[in-house]
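Chemist: Structure in structure tokens, see below.
The values are calculated or read from the model by the stated rules, or taken from the named source; none is laboratory data. Given the structure is predicted, the values throughout are model-derived calculations rather than measurements. Cβ: placed from backbone, ideal geometry, glycine included. Neighbour counts: every protein chain shown.
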Amino acid sequence: MMLNKIRVMGMSLFAVSLIAPAFGIAQSTSKRDCIQYSERLERYFEGSQHRARHIVNNDLDPGPLKSGIESIEIGGVAVEWIVTLKDKHAVDVTIRIDGHRIELKDQKPINLADDDKPIGPDLLSIWDQIRLYEFGDGRKMVAMTLRPGMCTGLMCGVAAQLYFDLRSKRASFFGSYRTDGEAKLYSFGQDGREAFVVATNFSGDPHGSSESVVMYELYRLHSDGRFVREGDTAGRKYFIKHVQQPERSSKGDSVEDRWIERIRLDR
């Protein structure tokens with residue numbers, strides 16, 4: 001079941017014990033290495049995060065769908081989560097950030113998250129986390145993680161990320177499926193001043209019984225508040241492609257990339 005729910009040198013070779021040199025694909029030789037690929041990619045992205053100035057987590061049990069207004073204050077920024085019940089299975093959500101009104105149903109997904117399909121806002125009914133980012137030039141951005149109210153089966157892997165730039169009053173909507181669903185900003189390169197979103201696309205078997213692929217794609221925050229897919233000077237889009245094999249497979253995982261910077265997977 002499928003749900004609707006960085007200046008680089010070119011293609012890089014990932015070897016478990018080496019810095020990624022230019023051009024190629026690496027394949028692991030054991031399931032242990034497969035696990036290491038996932039863990040090392042996770043550590044790489046963790047180390048590349050912009051640190052949020054404030055984080056608020058939603059620890060409340062959402063319970064049955066119902067209408068209501070929830071007010072959240074984060075770092076002096078007012079956020080309202082307004083739910084209007086349409087029927088016992090569906091709601092309309094309005095988000096008000098710093099007085100600016102955002103209708104969730106009107107948000108157009110920027111990326112494809114579940115193979116060739118986006119994560120639609122109609123699947124979402126709760127906020128899970130809110131982050132406030134502050135930058136040296138005075139810009140602030142609110143990043144919200146949104147999820148379905150019910151976590152059953154494959155729906156547990158669905159999430160969306162709403163970014164709101166307080167300077168431009170522009171909202172950007174991404175989706176994710178069976179990957180890290182938290183709304184985060186990243187900094188790549190030597191100066192660390194740029195802000196990026198790493199969007200993901202999952203394809204293949206969501207149950208893990210056959211091969212699956214996670215693609216990581218890079219979007220740069222522009223001065224007008226838009227996130228735009230980033231690529232090199234030749235116009236080739238940046239990506240990391242992680243091919244994952246099931247537990248019983250004799251094949252190992254493989255990782256291929258064309259990224260904004262060299263990536264180390266040897267630690």
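Chemist: Tell me which of these PHE135 doesn't satisfy, since it passes every other one: (1) within 16 Å of LEU185 (Cβ to Cβ); (2) surrounded by 15 or more Cβ atoms within 10 Å (Cβ to Cβ); (3) under 16 Å from the mean Cα position of the chain (by Cα).
Modeler: (3)
Chemist: Could you please find all residues in segment 172-184 being part of a loop (DSSP other than H, G, I, E, B) and within 9 Å of the chain's Cα centre (by Cα)?
Modeler: Within segment 172-184, THR179, ASP180, GLY181, GLU182, ALA183, LYS184 qualify.
Chemist: Okay, next question. If you go through segment 77-106 one residue at a time, how many are at pLDDT 95 or above and assigned to a loop (DSSP other than H, G, I, E, B)?
Modeler: 2
Chemist: Another question, then. Which count do you get for residues in segment 72-100 that are under 23 Å from the mean Cα position of the chain (by Cα) and either buried (at least 19 other Cβ atoms within 10 Å of the Cβ) or not acidic (Asp, Glu) (or both)?
Modeler: Summing the residues that are under 23 Å from the mean Cα position of the chain (by Cα) and either buried (at least 19 other Cβ atoms within 10 Å of the Cβ) or not acidic (Asp, Glu) (or both) in segment 72-100 gives 11.
Chemist: Can you name every residue in segment 174-199 that is crowded, with 23+ Cβ neighbours inside 10 Å and in contact with a helix residue (DSSP H, G or I) (Cβ under 7 Å, 6 or more places away or on another chain)?
Modeler: Correct list: TYR177 only.
Chemist: What are the residues in segment 57-76 that are among the hydrophobic types (A, V, I, L, M, F, W, C) and either at pLDDT below 95 or under 13 Å from ILE126 (Cβ atoms) (or both), if any?
Modeler: Those that are among the hydrophobic types (A, V, I, L, M, F, W, C) and either at pLDDT below 95 or under 13 Å from ILE126 (Cβ atoms) (or both): LEU60, LEU65, ILE72.
Chemist: Continuing with the same structure: Please go through segment 73-111 and pick out each residue that is under 21 Å from LYS140 (Cα atoms) and among the charged types (D, E, K, R).
Modeler: GLU73, GLU80, ARG96, ASP98, ARG101, GLU103
Chemist: Kindly indicate whether VAL158 is closer than 13 Å to LEU123 by Cα and crowded, with 19+ Cβ neighbours inside 10 Å.
Modeler: Yes, satisfied.
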